[in-house]
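Report on the following structure.
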Amino acid sequence: MTSTNTILSYLGPKEIEANRAAVLVGSFDKNRVAAISATEGSTALNAAIDPSTGIWNISLNKGFDRPGTRTVQVKATDKTGKVIGEQTINIKVNPAANTPDESFTLITVQFTRFKAGTVPTSNLNDTQKADVPAGTTYQITDYELEDGHLQIQLNNPISPVGKSGFFYEKHVVITKGAKILIFDRAQLPTPAAGMQLLWVNKKTWLKRSPADSATLAENQKVQFNQGETFNILGYACVENHFRVTFDRAISSFGNSGFLYSQHVQILQDGRGISFDRNAVIMTVVKTTVLKKRSAAAANLQAADKINLPAGMIYGVSGFSIEQGHIKVSLTENLPPFGNTGFVFPDFVQFSRGGKSFNPAPNLTYQGPTEVLVNQAIVLGGKFDRQEVVKVEVLAEDKFPLTVTLNQTNGTWQVNLPQGFKIAGARWLRLRATDSKGNVTGSQIIYITVSSDPLTVGKSLSLKIVSDTLFKVAPVDSSRLNNQQKVLVRAGQTLAVSKYGFIDGHLKVVLDSAITPIGTFGYFYEPDVQLAKGTKVLKFDLADVPNSNVSAQLLVTQTTQIKAQPVDSSKLPANQVADLILGSTYAITGYACILGHFRVTFAEAIPGFGNVGFIYWQHVQIKKNGKEVPFDPNALTMTMLQATVFKKRPVEASKLTATERTTLPLGR
């Protein structure tokens, strides 16, 4: 038995904190060693090896539970199982400190140099480099991969270079918690059966929605760092993001979220999975059951069904209509159920490329998607006369509407003489059944009920005012290849069905695809002009014109104005109104209250009024040419009873009408 350092050695760390995840790292002779095992006392530890680099590691997900010295025995065996090297490692476990959770450890795996740049060492003088032996451990705060080197920010400086400098990437390992970070695709681990591997190749955010991370609260996002890897159960392609499900929950977040597709890579069986802008996705509208058979869920064993929570989005690799159900194959494994089953169509919505579609072609909707409040409307569409005997339309899945069928023409119709009485977003369930009562078609119809007669029913149009690029991501075009961007000449006008604003770009879903990008992509906002009918939408506070009133308000994210600064779900419909992204309003006053701007509009919003509360991150206020910041510590004054605001501190009866105004109770 041999115990030389050339066969098996320990690199670090020499000290760790109690009750904190850590990784023990060493090296081995990759030409002689076939396996490595480790124990602490009678407890076996999980040791992993990388034959390509000659590095072994032991992941301690919970670290060691108490301070003191811990002894770990490590053995190396050859192909025959013979022990050819062993080492005893004494690790000092210090009491738990207040080290940040996002701390990193760097360990040198061979002699190397810490440098002031990425150029060869011979091109640097003695003040620009420092020798560092193998097995040296450093605590670092940040890092970035650049030109085969890792740019490091150290907790403590290395003389004479300082706190910031470069290591050659192959000469070091960086650990975070119980993981080694990986920067070379060839070194990625193989995920467990039924899973894919998620690899982070640029620092990014895991988010609760596919929105700009700058608009999300701290509890709605978690930062992931370059080189991190995770096992995932599946994914869906949603608005240039991967929606992924992890095999275990992310601390303080959960097991599912959205990641920008350009910052990560998903691998299955060693092959990368590209983001598909035209992938089919299934959104669960109401909590439902995925079943092994198209029988009633109550008649199935627990192993033959699994719950799908409302709001969840799944990728779909295939679907068909069978026995009143939709049979789906998901791009996600749902342990212990699997990925294929039957779902009742009433509870899900299918879409492709940002546009909803009906998976059952025997039922269609051909009516308006935007109507004016309190105006008579007619809804209608077609159905399969050979199969369908009944068509139902339910408002919000609760209130049935009267449907008239024309069996000769195969058309259905709903007449609403008084229209919808409240402005806002409405949705209707459209359902068809056959003679046996089986649901043969089901879809959701979204209708916007508007109070603006000038824009209702008007389509969105995008005018290209300068030669620009249509891109797959809101980034500088120099970072994109020719399959990720295309030139669009000035003077064209494009029809748009959906839009948003992110990082100075308009993200749009076009009615017609532009090769090779498709229908979903991004335009640099100053190069284009978006309009709804004749009304031009604004996205930059500088574009909002000054007015003679107190201030101007720009809606930077589609939102709601509310009668109270509370969650809109707690308010009746007549105390909430929608404000669409890009809209501008003249306001005569504002205040900062409970995370909201309380604003007074110069003109009342029909059906709502002129005073309400708007979440502060969804709007910007401009006064005297400058943006008004939200001040959570601003002083506010609430009227406990109706009173008079006066120009002078005298009896109100002695003042003229222009020297006084009434302040209402509660304002």
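The values are calculated or read from the model by the stated rules, or taken from the named source; none is laboratory data. These numbers come from a predicted model, not from an experiment. Positions of Cβ are backbone-derived with ideal geometry, glycine not excepted, and every protein chain shown enters the neighbour counts.
Points worth noting:
- In the set (1) surrounded by 19 or more Cβ atoms within 10 Å (Cβ to Cβ); (2) touching a Gly at 6+ places or on another chain (Cβ under 8 Å), F350 fails one condition alone, (2).
- Residue among F597, F613 that alone is free of Cβ contacts under 8 Å to residues at least 60 places away in the same chain, in the same structural domain as A577 (by TED's automatic domain parsing), under 15 Å from S550 (Cα atoms) and not in a loop (DSSP other than H, G, I, E, B): F597
- Residues of the range 147-167 classified as over 21 Å from N125 (Cβ atoms) and out of contact with any Asp or Glu (no Cβ under 7 Å at 6 or more places or on another chain), total: 2
- All of (1) over 33 Å from the mean Cα position of the chain (by Cα); (2) without any contact (Cβ under 8 Å) to a residue 60 or more places away in the chain hold for P606 with one exception: (2).
- Within the option set G318, G257, being surrounded by 14 or more Cβ atoms within 10 Å (Cβ to Cβ) and part of a strand (DSSP E or B) holds for one residue only, G257.
- Some residue of the range 32-43 being under 19 Å from V173 (Cα atoms) and either among the small types (G, A, S) or under 36 Å from the mean Cα position of the chain (by Cα) (or both): no
- From T121, T99, T141, residue being more than 39 Å from the chain's Cα centre (by Cα) and at pLDDT below 95: T121
- Residue match in the range 137-150 (condition: loosely packed, with under 13 Cβ neighbours inside 10 Å, farther than 26 Å from F224 by Cβ and either assigned by TED's automatic domain parsing to the domain that holds N225 or not aromatic (F, W, Y) (or both)): no
- Qualifying residue in the range 111-129 (condition: of a type in the set (S, T, Y), at negative phi and in contact with a helix residue (DSSP H, G or I) (Cβ under 6 Å, 6 or more places away or on another chain)): yes
- Within the range 367-383, the set of residues being closer than 30 Å to D276 by Cβ and either acidic (D, E) or at pLDDT below 90 (or both) comprises T369, E370.
- Pairs are defined by a Cβ separation below 7 Å, a sequence spacing of at least 6 or placement on different chains, a first member in the range 42-61 that is in contact (Cβ under 8 Å) with a residue 40 or more places away in the chain, and a second member that is in a loop (DSSP other than H, G, I, E, B) and β-branched (V, I, T); the pairs so defined are I55/V109.
- Within the range 399-485, strands (runs of 3 or more DSSP E) holding 3 or more residues that are more than 26 Å from the chain's Cα centre (by Cα) and touching a residue at least 60 places away in the same chain (Cβ under 8 Å): 424-433, 439-450, 460-464
- Residue count for the range 511-521 satisfying the condition of being modelled with pLDDT under 90 and outside any loop (DSSP other than H, G, I, E, B): 7.
- Residues of the range 279-322 classified as free of Cβ contacts under 8 Å to residues at least 12 places away in the same chain and either touching a Pro at 6+ places or on another chain (Cβ under 9 Å) or hydroxyl-bearing (S, T, Y) (or both), total: 1
- Of S450, S461, all but one fail to be farther than 19 Å from H241 by Cα and modelled with pLDDT under 85; the exception is S450.
- I326 without any contact (Cβ under 8 Å) to a residue 60 or more places away in the chain, touching a Gly at 6+ places or on another chain (Cβ under 8 Å) and surrounded by 15 or more Cβ atoms within 10 Å (Cβ to Cβ): no
- Restricting attention to the range 238-272, the residues that are modelled with pLDDT of 95 or more and over 19 Å from F337 (Cβ atoms) total 8.
- Verdict on T80 being out of contact with any helix residue (DSSP H, G or I) (no Cβ under 7 Å at 6 or more places or on another chain), in a strand (DSSP E or B) and more than 15 Å from A21 (Cα to Cα): no
- Residues (over 20 Å from K286 (Cβ atoms) and in a strand (DSSP E or B)) located in the range 321-357: E322, S329, T331, N333, G338, N339, T340, R352, K355
- Taken over the range 41-77, residues that are in a loop (DSSP other than H, G, I, E, B), under 22 Å from K176 (Cβ atoms) and not charged (D, E, K, R) amount to 7.
- In the range 192-235, of all residues being more than 18 Å from G500 (Cβ to Cβ) and among the acidic types (D, E), the one that is surrounded by the most Cβ atoms within 10 Å (Cβ to Cβ) corresponds to E228.
- Pick from the range 371-388, criterion crowded, with 16+ Cβ neighbours inside 10 Å and part of a strand (DSSP E or B), ranking: nearest to the chain's Cα centre (by Cα): V371
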